[in-house]
1. Put a dot 7 Å past each Cα toward the Cβ at residue 43 and residue 176; how far apart are the dots in nm?
2. Sorted by average packing, counted as other Cβ atoms within 10 angstrom per residue and highest first, what order do 360-370, 38-48 take?
3. Once amide H atoms are built 1.01 Å from N in the peptide plane, which residues 5 or more positions from residue 50, or in another chain, come under 5 Å H to H?
4. Can you list the HN-Hα couplings for segment 46-59, worked out from phi with the Karplus curve (6.51, -1.76, 1.60; θ = phi - 60°), rounded to whole Hz and with x for Gly and Pro?
5. Testing the spin-label approximation: label points 7 Å from Cα along Cα→Cβ at residue 365 and residue 235. State their distance in nm.
6. Once you have the Cα-Cα distance between residue 335 and residue 79, take 0.36 nm times their residue separation minus that, and quote the gain in nm to one decimal.
7. Let's test the formula: R0 of 45 Å, r as the Cβ-Cβ distance of residue 149 and residue 246. What FRET efficiency results, to the nearest 0.05?
8. Tell me the mean residue ellipticity at 222 nm calculated for the chain from its helices only (DSSP H runs of n ≥ 4, each -39500 (n - 2.57), averaged over every residue, nearest 500).
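The values are calculated or read from the model by the stated rules, or taken from the named source; none is laboratory data. None of the values given here were measured: they were computed from a predicted structure. Backbone-built Cβ (ideal geometry, glycine too); neighbour counts: all protein chains shown. These accessible areas exclude ligands, DNA and RNA; they are computed on the full protein's heavy atoms, side chains included. Shrake-Rupley method; radii C 1.70, N 1.55, O 1.52, S 1.80 Å.
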Amino acid sequence: MEKSKFKISGYMWIYLVTALIALAGIILGDYRTIPQGLKNIYFSPALLITDYIALAGPAAAFLNVALVTFFSALLMQLNKLPVNGRYFHVLGLMAGFAFFGKNIFTMWYILLGTLILSAVKREKFSKYLTSGLLADSLGPMVAVAYLNHGGFYFPDYVAALAVGIAIGFVVPLVAEHTFVVLKGLSLYNVGCTVGFVAIAFVPIEQGFGINFYGEGCWTSGRRIGFIILMYAIAAGFILAGYLKDRENSFKNYKNLLKRPGNAKYNFAELDGMGAVLINMGVNTFICTTYILAIGGDLSGGTIGPIFTIIGFSAQGKHARNIAPIILGCFLGAVINPSASPTTEGVQMGTFLGTTLAPMSGTYGAIAGIITGMLHSFAVIRTGACYAGANLYNNGFCGAVVMTVLYPVFRHFFKENTYSEPSNSMRPKMPETKGKFGDTALK
């Protein structure tokens, strides 16, 4: 049986982490830059790629991450959503993309649309909340509307409100269908959804004279403070996993590594939170080391994607299925005449391309490398489909790559369907014939 050493509730841990994120920003930056930095964030169109660390400084950027994560968690708690493998990825995505594009200003426009949807359908807001939060990946579509005349122009705010409501209303409905299409082989289901919504809505905004413009920005180099922070996060997760379940966490982690990573299976339910926390730490270590090895940048555009991998470490991603995707993206960039492994979009796409980790986990390392190579070529082009206004560009691109490769792989590669729970978790498992639910972090 898993031995729980932590008595603080799951959400209290999330709030503690958000406070530590804000504190890290103050340590790594200058707190005096926060007011102007937040203003820069809220009055930026944030089209891909706008690195908030470069735009606003570390203090304001990390505070934005903390605020977005805090309010997302608070909404989930108020709507009685448990902290478990199913919902960890939502918080990971909210935190990760708050380094480049998401902020607490644009998210309310979109959540209002989701609230209206729940009222129209006479259903609980909680049913659509997570899709509404993730729909904030289209926050730049709201931002370009209220900044169309430089800001502080009332008709533009009305237009932004209309755009946000439309996005928040439509995305949850479309997301219900794209999950079936993706078969759990691309983890960013809403990323696929918002890609299609952006392709449909961006031309409408442009037709009404709203301009999509933005120079973008990126933090170059590898500041020693960021290196220490990322390795400290990795070590902290591994230690927390060990303390969570000293007897079984590492044994269960070994079992977790056998899994294909299909989105329908929950690592927390199957292997326990101890193993999941270790998985988060190991994945953080791998990604940080990769950036240092290729001479890449520790920026909002790479730290943010690492945070998303941390979130999906509870449901989908582990060392064995992300490594082939990362290697494939690297090799694809090496042979691409118009890019390199350190190209900004490729660095970001290498980590966010692990949305396709289940392709690697299901069909093997060779399939994963092929998938990563194709993704590295495609991802630097697909953003043009929606003028860079979809932050989940990799989610949309990954869905396209998966759709192309899945029919081929299923004929030529042996499928891994391993879904057995770890031994220590078996007494807790319900009789569900292989369809597992969620276990909350307590």
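1. 4.2 nm
2. Numbers: 360-370: 23.2, 38-48: 20.9.
Taking the mean over residues of other Cβ atoms within 10 Å, the ranking is 360-370, 38-48.
3. 217
4. Values per residue, Gly and Pro as x: 6, 5, 4, 10, 10, 7, 5, 5, 6, 6, 10, x, x, 4 Hz.
5. It is 2.9 nm.
6. Working: separation 256, 0.36 × 256 = 92.16 nm, distance 4.81 nm.
My answer for the length gained is 87.3 nm.
7. Values: r = 60 Å, r/R0 = 1.33.
Computed FRET efficiency for residue 149 and residue 246: 0.15.
8. Using -39500 (n - 2.57) per qualifying helix, the result is -21500 deg cm²/dmol.
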